[in-house]
Structure formats: structure tokens, C-alpha cells
Amino acid sequence: MDRGFRFMCQAETKRLVSLVGIIVALVLVVQFTELPNSKFISSLTSTITSFTMDTSLVNSKVEDNNMLLNHSNSNSTHAFEDIAISPQASLLDQGRESSLVYIHNVTHSIISPAPENDVVFNNLTTRDNGSPIGSVQGKEKNFTSQGDLSSSLAPQPMVPLPNKTSLDSKTASKSPVIPVSSTATSEKSDNTTDPVRNEGKLSSSKGSNSTFNNGKPVSAKNSKKRPSRVVSISEMNSVWQHIQASSLRRKPARPSAVDLEILHARSEILNAPAGMNDSRLYSPLYRNVARFRRSYELMEKMLKVYIYQDGDRPIFHEPLLDGIYASEGWFVKLMEASKQFVTGDPGKAHLFYIPFSSRLLQQTLYVRNSHRRSNLIEYMKNYVNMIAGKYPFWNRTSGADHFVVACHDWAPAETRGRMLNCIRALCNADIEVGFKIGKDVSLPETYIRSTENPAEYIGGNPPSQRPILAFFAGGLHGYVRPILLKHWENKEPDMKISGPLPHVRGNANYIQLMKSSKYCICARGHEVNSPRVVEAIFYECIPVILSDNFIPPLFEVLNWESFAVFVTEKDIPHLRNILLSISEEKYLEMHKRVKKVQEHFIWHVEPVKYDLFHMLLHSIWHNRIFHISYT
């Protein structure tokens with residue numbers, strides 16, 4: 001019995017082993033036929049080892065997540081400098097970008113609860129700790145080297161710069177900062193070379209970055225969406241008045257001789273007699289004509305500016321005098337040639353000028369098709385670090401008595417970090433990208449077509465010969481202009497609203513339509529600023545500012561509501577009714593004021609009193625006087 005039982009067990013065991021062997025053989029055959037390259041052994045090995053706890057894999061995933069969060073905490077200003085800026089990004093890419101931005105903002109809201117010292121860049125609120133917003137290339141690679149993640153963060157293609165002849169850069173630089181390989185050119189009046197925007201012509205759009213408020217996603221500012229919060233012109237005026245009043249409490253702890261001169265000038269301005277006037281100054285144009293006149297007189301009498309001679313050409317000391325960015329070039333040219341205001345003794349200087357060109361910085365260092373500007377920001381950061389280490393002037397005031405004049409759209413980003421403390425005269429005067437009323441100056445964007453005669457074509461038809469109620473023509477870049485055309489193109493015979501006009505030599509059609517219109521619509525494009533504001537004034541057409549959060553030029557002095565109309569973007573459907581509601585009497589008075597304010601927006605080969613050179617310098621001087629608050 002025992003022997004028979006053992007025999008049966010052995011037989012059953014053999015059958016079981018045989019069955020298991022057959023099953024294993026079938027599994028191996030199936031794996032062999034389905035796995036590519038017949039790598040069934042390695043697959044089988046990985047399958048077997050997967051039953052064990054792979055702690056290294058878990059730790060790796062945790063570290064990756066921590067890296068992303070930590071990077072957004074400590075280098076948020078670096079990480080998002082080169083986020084995609086084009087609305088043509090795919091939905092998948094936009095989804096990836098949104099998730100990354102959300103991680104950044106949720107974490108940031110925890111570590112930076114106090115908003116007082118926060119700054120806004122591309123609608124991302126980030127903590128400003130005095131470090132530049134630009135990032136080192138290595139840090140960028142750490143953030144974007146996660147496989148396909150880099151493609152989701154890379155900006156979409158922008159209009160490339162055409163091949164042009166290099167600027168003459170034979171002049172030796174005084175103090176090299178970064179080796180410059182110049183691809184810059186003298187900018188012609190046709191501005192089709194700008195990779196960011198092409199005023200008056202169709203071009204690729206800037207794109208979308210998400211905005212967050214206390215860690216919660218809100219509306220973003222891109223080519224299709226409005227800013228998250230609109231600051232009206234009356235609110236801007238209130239902020240300015242508050243800053244003026246609070247300036248009385250600001251005094252340096254250990255004032256120098258120059259500081260005492262500035263404090264004396266401030267007292268003189270605040271106590272200017274109300275009866276003081278100038279026959280050339282039409283009082284309705286100004287906030288306070290008596291104070292302006294006194295401030296201007298003191299500027300002419302006292303102001304001394306020290307200009308840093310350091311810096312490589314063509315980025316420094318190389319003016320571009322035509323095109324839509326010409327304002328910064330004309331100021332460089334006239335400031336460096338001024339015998340009245342320039343001093344070689346920094347001990348006597350009330351202001352220190354960093355004479356760089358944001359346009360030439362972009363043309364010289366921007367790598368075509370790279371869609372990154374971090375190297376431009378790094379360049380300016382290194383320059384400021386150099387002059388701060390070489391001279392004592394920057395550190396004495398943390399740059400509060402230094403200033404720059406920059407008209408390119410990227411200038412707000414290029415002048416962040418340590419440069420945020422200096423006075424920035426910017427064409428892109430947008431509250432949402434960090435423009436500070438009372439410290440920064442709104443620089444008029446003047447489209448110069450003739451360097452020999454910058455005021456060419458100035459003037460326009462009398463009011464009785466302006467049959468067009470409102471005029472606009474231009475490219476549809478940005479989010480406002482398509483809405484404008486949707487509501488008003490070919491809708492009313494007295495509303496001449498269209499896309500780009502056919503090209504005519506000298507832009508004659510465009511200029512003639514401006515000269516024949518009562519109101520000229522100055523609609524924002526990619527950014528808040530537009531040369532149409534100054535063009536409208538030149539051609540005696542009432543400017544209609546259709547650009548939320550835009551600080552109008554020379555805001556410290558001029559009473560813009562006396563000669564311009566401000567229409568919020570949400571009121572575009574009511575644009576015609578708003579303009580028709582202005583009485584003929586009021587229109588005629590505004591037209592008169594526009595003619596009188598022209599002189600403040602004209603560049604002259606040789607500066608004259610109250611021209612744009614002097615008015616811009618005065619606004620910088622004014623903000624220096626009323627913003628002295630360092631220890």
C-alpha cells in the first residue's frame with residue numbers, strides 16, 4: 001500500500017512539473033514573439049525584480065518633485081523668464097505650462113505672504129529680493145531639461161531679424177563687461193525688424209502667461225485676455241498725489257551736500273507762488289503750472305548729471321535715431337553732448353546716467369530663434385555689478401540716484417533686479433510689469449522717420465476739415481485690436497477702423513487720415529505703449545488711449561485728461577457713443593490744447609526749451625527730488 005501510494009505521488013509530481021514547464025515555455029514563447037528585438041530575457045528579469053521594493057525609484061521621483069518646487073521657490077524669477085510667450089502654443093503645451101506655473105504660485109504664496117515688496121513680471125507675482133530676474137544658462141537647463149518639458153516651456157517663434165550690416169563699432173569700449181558680437185544695425189524708419197512687435201503691420205503675437213492671486217489662478221494677460229486688474233487714469237492720479245504728499249516725510253538719514261540741494265529744490269517747488277507763470281505755458285495742460293515752471297527753472301540752474309563712460313559699443317553710447325525706438329537714441333545723443341547738464345565730477349552729480357540702448361541690446365545679444373532673453377538680462381546685471389564694484393556711487397544710494405532711458409518692449413525685464421531701485425524711463429510703462437508711479441518715468445514712443453528733421457509732417461487740418469470721427473489702422477497683434485475691428489470695422493461711415501493700410505511711400509495715406517480725423521485711436525498692441533499717442537499729437541488729432549494700465553508720457557507734469565480721451569478696453573463696444581458725447585465746444589478746446597502740447601514731444605537736433613529732451617530730463621529730475629528716501 002505504501003509503495004503504491006508513493007508511486008502515485010511521484011507520477012502526479014512529474015505531471016505537475018511537466019505542466020508547469022509547459023506553461024513557462026508558452027509564456028516565454030509569447031514574450032519572445034511580442035517584445036521588440038527579442039529582448040525577452042531582460043524583460044523577464046525586470047518583471048521579476050519589479051516584485052521587490054525599488055526605493056531608488058521612489059526617492060528619484062520625490063527628488064524630482066522637490067526640485068521643481070524648490071526651483072520655483074528660490075529661482076522663480078529665473079525659471080519663468082523664458083516661458084512661452086506666444087498664443088500659438090498647443091493646448092498640450094499650455095496645459096503643461098499652467099501646471100508648472102500653478103506649482104510655482106501655490107508654493108510662492110506660502111513663503112511670501114507679504115505683498116509690499118513683491119513685483120509683477122509677465123503677470124507672475126514674484127518676490128523681489130534685490131536679485132536680477134534673469135537666469136544663468138545653467139539654471140535654465142536644470143529647469144527645462146526634463147525631456148519634452150523643455151518644448152512646452154520654450155517660447156513660440158517670433159519674427160526673426162533680417163540680415164543687416166553691423167553697426168560701426170570701431171570705437172574702443174571703455175570697460176568691457178561681456179564680449180559683444182554685434183549684429184546691430186542703424187534702425188530705419190520701417191520697423192519690420194522687431195522680433196517682438198511690428199507697429200502697423202501684421203506680425204506674430206506675444207502670448208499667454210497665467211496670473212495668480214494668493215495661489216489661485218485668475219485671468220491672464222496675453223494676446224487674447226485683459227489684465228487681471230484695471231487701474232483707471234483717476235486712480236493713477238490719486239497714487240501720484242499720494243506719493244507727492246508722502247514725499248515730505250522722506251529724508252536721508254545722513255544727507256550729503258547734493259542731498260541738501262535736492263531737499264532745498266523740493267521745498268522751493270512745493271512753495272512756488274501760484275501767480276508764477278510763463279506766457280509759453282498754457283496752464284490747463286499741466287497738473288500745477290507754477291510748480292512745473294519752478295521745478296524746470298531749478299533744473300536748468302542746478303542739475304548735474306554724471307554719465308558712466310564704461311560699457312561696450314554698440315549697446316552703450318551708440319544712439320539709434322530713427323524708427324519707433326528712437327527716443328532712447330535721441331536722449332543718449334543729446335545727453336552726452338550737453339555741456340549744461342553733464343559733469344565730469346561725480347561728487348557734484350544729482351543723477352547718474354547709464355547710457356545703454358535696450359534696442360541695441362536686443363539686436364546685439366538676442367540669439368535668433370532662441371526665444372530666450374535671459375542673456376540680455378544677465379548682461380545688464382553684470383554691468384551694474386561691475387559699476388557697483390568699480391565706483392562707490394551705486395552702493396551709496398542702492399542706485400536710487402541712477403537712471404536709464406529705454407524704449408524697447410523688453411526693457412522692463414532687462415532693468416529688473418538691482419536696477420529696479422533706479423529711475424527707469426520706459427516706453428513700456430505698464431503697471432502690470434512693475435512700472436512704479438512716482439519713481440519711474442513714462443517715455444514717449446516717437447516714430448522718427450527723418451533724423452535730419454524729427455518734426456517732419458507735424459501739423460494737421462483745422463477742425464472744420466476733419467470729417468472722420470475716429471481713425472485707426474494697424475496690425476492686429478495683441479488682444480485689443482481684433483476686438484476693436486470686430487466692433488467697428490466697416491460699421492459706421494465716420495469710423496475709419498481697419499487693419500494695415502496698403503504701403504505708400506512715406507506712409508502718406510496713414511498720415512493724411514490722421515490729419516483728417518477728430519479722434520485717433522491709440523490701441524495697444526503687444527504692449528501698452530504705441531507711437532500713435534505722439535503721432536496723434538503731431539497731427540493735431542485728439543488721442544484716444546485704448547490701453548488699460550498704461551501710464552501716459554510725462555505723467556508727472558501733464559494733465560492728460562485735458563487733451564486726451566481715456567477709454568477702458570471693456571468699453572470698446574461703446575466707443576462711438578463716448579466720442580459723440582463730447583460736445584463740439586469741448587472738442588475745440590481739446591484740439592487747441594493738443595496743438596499747444598506738441599512742443600513737449602518734439603526732438604530737436606539742437607535742444608530747445610520745453611522740448612522732449614528737456615521735458616524727459618525734467619521728469620527724471622522731478623522724480624529724483626520727490627523720491628529721495630535712502631539712508
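So here's what we get for this one:
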{"read-out": "Residue count for region 568-612, restricted to those that are outside any helix (DSSP H, G or I) and either of a type in the set (D, E, K, R) or more than 32 Å from the chain's Cα centre (by Cα) (or both)", "value": "6"}
{"read-out": "Failed item in (1) in contact with a helix residue (DSSP H, G or I) (Cβ under 7 Å, 6 or more places away or on another chain); (2) modelled with pLDDT of 95 or more, with Glu318 passing the rest", "value": "(2)"}
{"read-out": "Positions within region 282-308 being farther than 21 Å from Leu351 by Cβ, buried (at least 16 other Cβ atoms within 10 Å of the Cβ) and not polar (S, T, N, Q), in sequence order", "value": "Tyr282, Leu285, Tyr286, Arg287, Val289, Ala290"}
{"read-out": "So Glu445, is it touching a residue at least 60 places away in the same chain (Cβ under 8 Å) and crowded, with 23+ Cβ neighbours inside 10 Å", "value": "yes"}
{"read-out": "Restricting region 334-372 to residues that are farther than 30 Å from Ala257 by Cα, assigned to a loop (DSSP other than H, G, I, E, B) and of a type in the set (Lys, Arg), the residue that is nearest to the chain's Cα centre (by Cα)", "value": "Arg372"}
{"read-out": "Residue match in region 364-381 (condition: aliphatic (A, V, I, L, M), over 27 Å from Ile437 (Cβ atoms) and either outside the structural domain of Asn549 (by TED's automatic domain parsing) or modelled with pLDDT of 95 or more (or both))", "value": "yes"}
{"read-out": "Options Glu535, Glu527, Glu540; residue that is surrounded by 21 or more Cβ atoms within 10 Å (Cβ to Cβ), closer than 15 Å to Glu569 by Cβ and out of contact with any Pro (no Cβ under 6 Å at 6 or more places or on another chain)", "value": "Glu527"}
{"read-out": "Any hit, region 620-627, residues being within 30 Å of Thr397 (Cα to Cα), out of contact with any Lys or Arg (no Cβ under 8 Å at 6 or more places or on another chain), of a type in the set (A, V, I, L, M) and part of a helix (DSSP H, G or I)", "value": "yes"}
{"read-out": "Subset of region 373-393 (residues that are surrounded by fewer than 18 Cβ atoms within 10 Å (Cβ to Cβ) and in a loop (DSSP other than H, G, I, E, B))", "value": "Tyr391, Pro392"}
{"read-out": "Number of the exception - Ala470 against (1) at pLDDT 95 or above; (2) not in a strand (DSSP E or B)", "value": "(2)"}
{"read-out": "Failed item, numbered, when Ser583 is tested on (1) over 16 Å from Ala523 (Cβ atoms); (2) buried (at least 19 other Cβ atoms within 10 Å of the Cβ); (3) in the same structural domain as Pro482 (by TED's automatic domain parsing)", "value": "(2)"}
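Residues checked against (1) outside any loop (DSSP other than H, G, I, E, B); (2) more than 18 Å from Val528 (Cα to Cα):
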position	(1), (2)
Asn395	yes, yes
Pro412	yes, no
Arg424	yes, no
Phe435	no, no
Gly438	no, yes
Glu452	no, yes
Tyr457	no, yes
Asn490	no, yes
Lys496	yes, yes
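The values are calculated or read from the model by the stated rules, or taken from the named source; none is laboratory data. Predicted, not measured: the structure shown is a model, and the values here were computed from it. Heads up, the Cβs are rebuilt from the backbone with ideal geometry, glycines too, and the neighbour counts pull from every protein chain shown.
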